[in-house]
Amino acid sequence: MKYAIGIDFGTSSGRVLIVNAYTGSIAGISVCPYQHKVIEERLYEQPIPAGFSLQNSKDYMDVLKNGISEVLSNAKIDPKDIVGIGIDFTSSTMMVTDEHFVPLSWKEEHRHNPHAYVKLWKHHGASDEANRMMEAAAPDLHRYLGNYGLKVNSEWMIPKILELKNKAPDILKESAYIIEAGDWIVSKLTGGNVRSNCARGYKSFWNESDGFDFEFYEKTDPDLPDIIRAKCDGALVKIGQQAGLLTREMSQWLGLPANIPVAPAIIDAHSAVLGVGSTEHGQFTMVMGTSTCHLMLHQEQKQIPGISGSVRDAIIPGLYAYEAGQSAVGDLFESVVNQVPKEYADEAQQRNLSIYDLLEMKASRKKVGEIGVIALDWHNGNRSPLSDSDLTGVIIGQTLHTKPEDIYRAYMEATAFGTRMIMSSYEEYGLQVNEVFACGGLPQKNSLLIQIYADILNKPIHISNSDYAPAIGAAILGAVAGGQYEQVRDAVANMKQPLLKTVLPIRENVEKYNGLFQIYKDLHNYFGIDNRRILGSLQEIAER
């Protein structure tokens, strides 16, 4: 038998899988939580600015070293039977390194500087820079941002680079490379300077026909084109190709044979599309976790307001992949869990339940509309369709009788309403949704949540049987890079994971949720468009 390794670098942990290259069966799994976690409040006991979301790249190396060692031990296979390695990563997750690809945060003189660290996808320190890019694009919005939903998000690569220029010029000057974390991993494995078309296309205003949009960069900041040319260039490799071969040095460090083919990095949510096998037109894929990404494929490129981008060949060669997303989903549910009163924690312990399960059980007893509460799911900003990371959450309808499970259910419904807004944007511009797929831990573990989604979207939802769809997708690309398949579609057909179940909408609930969705939509437009200054003023007061 032949096997591929798929490594999924998520927000809180890395997952390493060994996957049968012919059947897709999983031979071994290793889950490696990041030792330093997400750094959002303090760096070595020093407070960091609000909105920062950092990581320590040493954790990524631990995933490679410890995860591969553990999964090889669990799988009990001959390492010589591994035909390829694939990598997926959250994006845009930005790193600054020296000329040897050593992160600047590893150097003693920079270990206390937050700008030297990985800036995670949900880092919002570049809001001012994103606003500046919007101002530069305004005179010809469709020319510069037509393929990016007519918006610039502070989570993307270019605003984060401008943040370095404006707020950490010393770090910018010392850096030799500014690179996506996924590309950094691939470059470390292969000994090259490799850049994937996937993250570059979505996060850097790049397209295959024209390359980087230097005209847009220059309108934003005269220095920006030279920064991009000097620090962001590299050997471009497209999804479905081979990025290079595992170096002898890395092979010895990882306990693998040298010269194993390595695939270019792919964004984690995009990789999940391959893992679940959602590769046809009309299929809408929700990759649900800390955040949610919503992806579709199409033959044509359409300018759809509110999406995060559309890039040719970013998932399936020959097709445009469309991305939209919500910045807080699992994070939002976790915030309720972390704030339950003591009696709820005690009850969960007495019943031998997690607090999540207790809240779901209590929330499931409520009928649609019974809680009298509705929320806007903007607690980490709005990625789509407003693309405004400065927006904050709203919840209305609370009374003295509102309980934690009511808030929990309201947040579930809010994320489903947000998904409906995104789906409506796709369909309004001709990307008809025929089927909905869901993957990630949330759909499998929370039956109430996925029923709410089915009812609000009024669509059957197919749920993947695997928690590890992104890592499966990475392994699929590893198998293609290793020559086991000529086409990505052929690898997907053999290696995709089976479905767990299909959840159908309940007609009575659909009708009730249609009325609640109109209230959500009114609130969305009131606070997100017509009266955005209300939430912005609160943030300004808080910052002062």
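I'm checking my understanding of the structure. Among residues of region 309-368 that are surrounded by 18 or more Cβ atoms within 10 Å (Cβ to Cβ) and among the polar types (S, T, N, Q), which one is nearest to S154 (Cα to Cα)?
For region 309-368, the residue satisfying everything is S327.
Starting from region 484-500, keep only residues that are aromatic (F, W, Y), then list their pairs with residues that are not in a helix (DSSP H, G or I) whose Cβ atoms are within a distance under 9 Å, requiring at least 6 positions of separation or different chains.
Partner pairs satisfying both residue conditions: Y485/A21.
Have a look at D390, D490, D455 and point out the one that is surrounded by fewer than 22 Cβ atoms within 10 Å (Cβ to Cβ) and assigned to a helix (DSSP H, G or I). Working first, answer last.
Details: D390 fails: assigned to a helix (DSSP H, G or I); D455 fails: surrounded by fewer than 22 Cβ atoms within 10 Å (Cβ to Cβ).
Of D390, D490, D455, the one residue that is surrounded by fewer than 22 Cβ atoms within 10 Å (Cβ to Cβ) and assigned to a helix (DSSP H, G or I) is D490.
Contact list please: Cβ distance under 7 Å, first residue in region 280-302 and within 20 Å of L145 (Cβ to Cβ), second residue surrounded by 19 or more Cβ atoms within 10 Å (Cβ to Cβ) and among the acidic types (D, E), pairs at least six apart or on different chains.
Close Cβ pairs satisfying both conditions: C293/E323; L295/E323.
Which members of region 377-397 meet the condition of being over 19 Å from L150 (Cβ atoms) and either among the hydroxyl-bearing types (S, T, Y) or out of contact with any Gly (no Cβ under 6 Å at 6 or more places or on another chain) (or both)? Explain how you work it out, then say what you get.
Of region 377-397, the ones over 19 Å from L150 (Cβ atoms) are 377, 379-380, 392-397.
Correct list: N380, T392, G393, V394, I395, I396.
Just one of (1) more than 14 Å from L172 (Cα to Cα); (2) over 23 Å from the mean Cα position of the chain (by Cα) trips up A130, so point out which.
(2)
Answer with yes or no whether N259 is surrounded by fewer than 16 Cβ atoms within 10 Å (Cβ to Cβ) and under 22 Å from W184 (Cβ atoms). Talk me through it step by step, then tell me what you get.
Details: surrounded by fewer than 16 Cβ atoms within 10 Å (Cβ to Cβ): yes; under 22 Å from W184 (Cβ atoms): yes.
For N259, the condition - surrounded by fewer than 16 Cβ atoms within 10 Å (Cβ to Cβ) and under 22 Å from W184 (Cβ atoms) - is met.
So W378 passes all but one of these: (1) of a type outside the set (A, V, I, L, M); (2) at pLDDT 95 or above; (3) within 26 Å of A348 (Cβ to Cβ). Which condition number does it fail?
W378 satisfies every listed condition except (3).
Could you please tell me which pairs satisfy a Cβ distance under 9 Å, a separation of 6+ or placement on different chains, a first residue in region 250-265 that is under 23 Å from I239 (Cβ atoms) and assigned to a strand (DSSP E or B), and a second residue that is of a type in the set (S, T, N, Q) and at pLDDT 95 or above?
P261/Q242; V262/T190; V262/Q242
Could you list, in sequence order, all residues of region 467-485 that are assigned to a loop (DSSP other than H, G, I, E, B) and either over 22 Å from S30 (Cα atoms) or in contact with a strand residue (DSSP E or B) (Cβ under 7 Å, 6 or more places away or on another chain) (or both)?
Y468, G482, G483, Q484, Y485
Please go through region 1-52 and give me each residue that is assigned to a loop (DSSP other than H, G, I, E, B), touching a residue at least 40 places away in the same chain (Cβ under 8 Å) and touching a Phe, Trp or Tyr at 6+ places or on another chain (Cβ under 8 Å), ordered by number.
M1, K2, T11, S12, A21
Looking at region 80-93, which of the residues that are farther than 15 Å from V262 by Cβ and touching a Gly at 6+ places or on another chain (Cβ under 8 Å) is surrounded by the fewest Cβ atoms within 10 Å (Cβ to Cβ)?
In the first step, residues of region 80-93 are kept if they are farther than 15 Å from V262 by Cβ; the result is 80-81, 90-93.
Then keep just the ones that are touching a Gly at 6+ places or on another chain (Cβ under 8 Å); that gives 90-91, 93.
On the way: T90: 26, S91: 30, T93: 31.
Restricting to residues being farther than 15 Å from V262 by Cβ and touching a Gly at 6+ places or on another chain (Cβ under 8 Å), the top hit is T90.
Looking at region 184-241, what helices (runs of 4 or more DSSP H) fall wholly within it and have at least 2 residues that are in contact with a strand residue (DSSP E or B) (Cβ under 9 Å, 6 or more places away or on another chain)?
Numbers: elements: 197-203, 214-220, 224-231.
Qualifying helices (runs of 4 or more DSSP H): 197-203, 224-231.
The values are calculated or read from the model by the stated rules, or taken from the named source; none is laboratory data. Since this is a predicted model, take the numbers as computed values, not measurements. For neighbour counting, all protein chains shown are included, and Cβ atoms are generated from backbone atoms with ideal geometry for every residue, glycine included.
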